[in-house]
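A short worksheet on the structure shown next.
Only the coordinates and a few stated rules stand behind these numbers; no lab work does. Every value quoted in this text rests on a predicted model; they were computed, and no experiment measured them. Cβ placement follows ideal geometry from the backbone for every residue including glycine, while neighbour counts extend to all protein chains displayed.
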């Protein structure tokens, strides 16, 4: 029966892959869009919350506590709790995906800015820098390696989590994994898994290059 | 709200708690398989990591394995465990879920045990050797206790991830709390989906808090402060499921 069908088939049927290049490309694009929205919105929220935490130190513990609990809740559980409210929609997927980026991003932004040498800040203040200029021109650039390290972790995590969103019908490449499971067709599972890993590696590489270009004064040292 | 009252009714109905598909049995299955997978994964990951950390070999492997582990989605691991399990003649249900959970728990525990042992101050190790301690004594008396905070943090992070991913076992015909979610989806029953989501979320948070408590009890007092800072890295090294 079905199991026998699974036993007999090769791991990847290349003719299926060749026939479905369009579908694979469309799913990859959907995957990228879902990831991009999650990272974009997550970054905006994280910057806002990080600024709050840096300005009013007392808020940092509750912020990491709440985002930490959010981070602990399994993605499928979170989607399930949201479905009755927001339905099987992109919104449901994105609320979850954005939620998971927050802890990682906030922790890295705050740690990055905290890590700026106090002597450099003193010098800038002595030269008459305002608080805003200090932040934008001194602290953020110097914190960039740590912030980008956070974005790298968040992006790899998000790309993996998008696949789970296939269960609520918005999963990009996760769609193939789910279909493969339902039809006992390993080719689809492998295509979904391999493409999603490839995407994660490619985005990670791009971010490394971006960091390299943006912070020419840091070489060879990567902080994770 | 009507939906919420339906959810309350679900929980209030004793019939939903007992029996094979009851909440109690599903929770037991979920916790049982998670604990079993964690135990097996610890036995596979920790001894070689301690040995390699002690001898200082295999550092590149330790770093690579966690990076690869992070890039492969847990959903894909569960899905890929199915053909593997069937090729091995183990069939559906329990085995593919178990294989996936073990595969998932290995990288963080291996890497953090390795790093934990490697990061023990070399002077402390030298002092032990100078006092005539054997390699085994150094490992069990110095390196293991000093690495324990990092190791325990990794166990906690892996356990939360295992509990989360066990939910996906329902997709390969296993039980556990994921059944409510997966069955609810296929029947279009939002109450069941919601109930499953709440139960899984609760279990994950309880696991996190419980193991956090164990960690605080088990870590030698003198180390607690020094290692609080490092913990952040351990968590960042692991993906959410």
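Some notes on this structure:
- Site pair residue A:121 and residue B:202 shows an inter-label distance of 4.4 nm when each label is modelled 7 Å from Cα along Cα→Cβ.
- Its relative contact order, with pairs defined as Cα atoms under 8 Å and 6+ residues apart, puts chain B at 25 percent.
- Packing-based order for A:164-171, A:30-37, using average beta carbon neighbours within 10 Å, highest first: A:164-171, A:30-37
- Between the Cα long axis of helix A:186-214 and the first principal axis of chain A there is an angle of about 20°, rounded to the nearest 10.
- For segment A:150-208 versus segment B:122-190, the inter-centroid distance based on Cα atoms is 24 Å.
- In percent, rounded to a whole number, the relative contact order of segment A:1-125 is 32, using alpha-carbon pairs under 8 Å and six or more apart.
- Residue-averaged [θ]222 nm for chain B, counting only DSSP H segments that reach four residues, each worth -39500 (n - 2.57): -26000 deg cm²/dmol
- Across peptide B:168-181, the average count of Cβ atoms from other chains found within 10 Å of a residue's Cβ is 2.
- Ordering of B:57-64, B:158-165 by packing is B:158-165, B:57-64, highest average first (other Cβ atoms within 10 Å, averaged per residue).
- Counting only other chain Cβ atoms within 10 Å of each residue's Cβ, the peptide A:200-212 averages 1.
- In chain A, the longest principal axis of the Cα atoms and the axis of helix A:174-183 are about 30 degrees apart.
- Applying 1/(1 + (r/R0)^6) with R0 = 30 Å to the Cβ-Cβ distance of residue A:135 and residue A:86 gives a FRET efficiency near 0.30.
- Test item: A:142-152 mean partner chain Cβ contacts at 10 Å: 0
- Within chain A, helix-based [θ] at 222 nm, where runs of 4 or more DSSP H residues each add -39,500 (n - 2.57), nearest 500: -25500 deg cm²/dmol
- Crossing angle, helix A:60-72 versus chain A [Cα axis fit, 0-90 degrees, rounded to tens]: 10
- The packing ranking, built from the mean of other Cβ atoms within 10 Å per residue, places the peptides A:193-200, A:127-134, B:46-53, A:60-67 in the order A:193-200, B:46-53, A:60-67, A:127-134, highest first.
- Placing R0 at 45 angstrom, the Cβ-Cβ distance between residue B:123 and residue B:13 gives a FRET efficiency of 0.10 after rounding to 0.05.
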